[in-house]
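The values are calculated or read from the model by the stated rules, or taken from the named source; none is laboratory data. Since this is a predicted model, take the numbers as computed values, not measurements. Cβ: placed from backbone, ideal geometry, glycine included. Neighbour counts: every protein chain shown. Just the protein is used for accessible areas: all its heavy atoms, side chains included, with ligands, DNA and RNA removed. Shrake-Rupley method; radii C 1.70, N 1.55, O 1.52, S 1.80 Å.
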Amino acid sequence: RHTRLQGDWSSDVCSSDLVVIIVLGWTRAHWLLRTFSVIALVFSVVAAFTVVNQTFDYYPTLARLLGKDAANFTNLPQLKAIRTQVRETGKLPAQGSTIAINIPGTISKFNTGQAFVYLPPAWFKNPEPQLPVIELIAGIPGEPSDWTRAGYADSTSTAFADAHHGVSPILVIPDNNGNAQDTECSNSVLGNAETYLVKDVPNFMQANFNAAIGKHSLAAAGLSDGGTCASLLSLRNPQVFQTFGDYSGYASPTYLNDDEQQTIAQLYGGSKAIYEAHNPVALLTGKQYPGLAGWFTAGQSDPQPLAAAQQLAALAKKTGMQVCLTTPPGDHSFAFWSVAFKDSLPWMSWRLGLTPPPKDVPADCKPPVP
């Protein structure tokens, strides 16, 4: 499963079988047969990769395949140099910058890998502005670079900033799984992932990037399994995340490809009550969230997330929150998620108090955007 992706993995099976055949016959094979075996293996792996990439657009360009993870990747010394230049010239950079950085689990004690942070051109102003933050959550399996390498979230944000005098929300893309395969963004036997995302990440962004983390200054958004994470993080922590975007998420948390009972056993210590406390369906049933707003989207060719988006949006409308729902043509791919983020970014930026309400919202919002 990649981002709980659905597709034809038959090429992977063929590759695995081919490897076994090559290994077993290697010692007795003629050198010419060995050569053809290696060539066949390479072509099989390439074919498997091609099937996956054509389906999910995981590496949309050759540059991204060869390791270009962001449009404008920088490091800390370069960030300082850009800021110095802006202060000397008064001219903002033409594009935002993306940096890889470790965000420690100071409170949660959750061990993670590198996070990605995107900083819009306005971040380099003097004096430093306090910009709101969108936490972007990747899928399962996945990594922070997915959002910039294949989802183009950084390029989308820079284009948005170009139309708003360099202003756009800061993006932070944390490692929400750490050493575990799948935390479902929950505090569980696999570690305190929720505490990490709700407390450690915002605190780090405020301390190191002067981010605004007060009321209506934080949003959560995610793709596929990350969409489920975004909705449950906001519903469980409405005082932290008043706005969330659920792109092709699922109705309930699911550990890897397990069913409900296995998920309860693997993540929640066998407790159905704890599972329901992390289940967006249960969290939206019979409760009120008048201060929240959720954006739900799923492609018409993506049956399970499509049904989930429609179900969750219908439940959410009864809670008093603003609900935006869009179900355009599309499937479970990064091509779809990059557009989903682009469509929702003006709405999220408005909800975060950064920019005026968008004139055209490509979703059905109840109540409507002013």
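Listed values, structure above:
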{"read-out": "Flag for G291 being under 28 Å from P129 (Cβ atoms), at pLDDT below 95 and more than 18 Å from the chain's Cα centre (by Cα)", "value": "yes"}
{"read-out": "Count - residues of the range 126-144 that are closer than 23 Å to S248 by Cα and either open to solvent by less than 10 Å² (accessible area, probe 1.4 Å) or of a type in the set (A, V, I, L, M, F, W, C) (or both)", "value": "8"}
{"read-out": "Close pairs (7 angstrom Cβ cut-off, 6 or more residues apart or separate chains): under 18 Å from T243 (Cβ atoms) and surrounded by 17 or more Cβ atoms within 10 Å (Cβ to Cβ) in the range 195-210, modelled with pLDDT of 95 or more and of a type in the set (D, E) anywhere", "value": "L197/E135; V201/E135"}
{"read-out": "In the range 291-314, the residues that are over 24 Å from N237 (Cβ atoms) and not hydroxyl-bearing (S, T, Y)", "value": "G299, Q300, D302, P303, Q304, L306, A307, Q310"}
{"read-out": "Options E194, E143; residue that is within 30 Å of N279 (Cα to Cα), not in a loop (DSSP other than H, G, I, E, B) and not hydrophobic (A, V, I, L, M, F, W, C)", "value": "E194"}
{"read-out": "Neighbours by Cβ (under 8 Å, 6+ apart or cross-chain): first from the range 317-341, within 16 Å of G249 (Cβ to Cβ); second acidic (D, E) and open to solvent by 40 Å² or more (accessible area, probe 1.4 Å)", "value": "C324/D364; L325/D364; T326/D343; T326/D364; S333/D57; F334/D57"}
{"read-out": "Test set (1) open to solvent by 40 Å² or more (accessible area, probe 1.4 Å); (2) β-branched (V, I, T); (3) not in a helix (DSSP H, G or I) - T319 fails condition number", "value": "(1)"}
{"read-out": "Test: residue in the range 163-185 that is of a type in the set (D, E), in contact with a Phe, Trp or Tyr (Cβ under 8 Å, 6 or more places away or on another chain), at pLDDT 95 or above and open to solvent by less than 40 Å² (accessible area, probe 1.4 Å)", "value": "yes"}
{"read-out": "Considering residues of the range 267-276 that are free of Cβ contacts under 8 Å to residues at least 60 places away in the same chain and part of a helix (DSSP H, G or I) only, the residue surrounded by the fewest Cβ atoms within 10 Å (Cβ to Cβ)", "value": "A273"}
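Conditions tested, residue by residue: (1) open to solvent by 10 Å² or more (accessible area, probe 1.4 Å); (2) in contact with a His (Cβ under 9 Å, 6 or more places away or on another chain); (3) modelled with pLDDT of 95 or more; (4) of a type in the set (S, T, N, Q).
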site: N237; (1), (2), (3), (4): yes, no, yes, yes
site: P253; (1), (2), (3), (4): no, yes, yes, no
site: P303; (1), (2), (3), (4): yes, no, yes, no
site: V339; (1), (2), (3), (4): yes, no, yes, no
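For every residue, the table says whether it meets (1) in a helix (DSSP H, G or I); (2) closer than 18 Å to H278 by Cα; (3) touching a His at 6+ places or on another chain (Cβ under 7 Å).
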site	(1), (2), (3)
D154	yes, no, no
S157	yes, no, no
D182	no, yes, no
V201	yes, no, no
N208	yes, no, no
G214	no, no, no
G227	yes, yes, no
L232	yes, yes, yes
